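Chemist: One structure, pasted below without further comment.
Every number here is computed from the coordinates shown, using simple stated rules; none is lab data. The model shown is predicted, which means the values in this text are computed figures rather than measured ones. Cβ coordinates were reconstructed from backbone atoms using ideal geometry, including for glycine residues, and neighbour counts include every protein chain displayed.
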């Protein structure tokens, strides 16, 4: 009987952006501020679309869905990165990595689908303006 390799991967070692401990708070603050601006900006778009009845049109419906997907999209990776920067941890469990990749890929596909539908919506609005309300 030949020996088999039964090695299992339990976690991955992550390479950081910088090994310098003085830069870690700066990197953490930079990524946290970018994440908060992204989430708050997208929440404002969703809130504006919901609160104003003039914006209850297909284009703004797709825009608010796009904003929601962008919030989910950034929330799949950035919080784990912020925790790793803050705790000086450089590992991620195999299961966590697979889950993160799954949701990241799913949301990229959904993002691309929404962009395609939004492009079709604009095409119909420009090229078939008289039939826009019937088609959409």
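Chemist: Suppose R0 equals 25 Å; then what is the FRET efficiency for residue 10 and residue 83 from their Cβ-Cβ distance, rounded to the nearest 0.05?
Modeler: Numbers: r = 19 Å, r/R0 = 0.75.
For R0 = 25 Å, the calculated efficiency reads 0.85.
Chemist: Still on this structure, please answer the following. Restricting to Cα atoms and excluding each atom paired with itself, what does the Kirkwood estimate give for the chain in Å? Before the final figure, lay out each step's value.
Modeler: Working: mean 1/r = 0.0546 Å⁻¹.
Evaluated on the chain, it is 18.3 Å.
Chemist: What percent do you get for the relative contact order of segment 23-135 when only Cα pairs under 8 Å and 6+ apart count?
Modeler: On the way: 64 pairs, mean separation 32.8, N = 113.
Result for segment 23-135 is 29 percent.
Chemist: I'd like the distance between the alpha-carbon centres of segment 80-136 and segment 1-75, rounded to an integer number of Å.
Modeler: 10 Å
Chemist: Another one. So what does log10 I(q)/I(0) come out to for segment 56-129 at q = 0.16 Å⁻¹, using the Debye formula with one equal point on every Cα and no solvent?
Modeler: -0.67
Chemist: In addition: As I understand it, the value is the acute angle between the Cα axis of helix 24-51 and the longest principal axis of the Cα atoms of the chain; what does it come to in degrees, rounded to 10?
Modeler: The two axes meet at around 30 degrees.
Chemist: How big is segment 1-73 on each of its three principal axes, counting only the C-alpha atoms and giving the largest first in Å?
Modeler: 72, 45, 13
Chemist: Compute the long axis of helix 94-127 from its Cα atoms, compare it with the longest principal axis of the Cα atoms of the chain, and write down the angle in degrees, 0 to 90, nearest 10.
Modeler: Relative to the chain, helix 94-127 is tipped by roughly 20 degrees.
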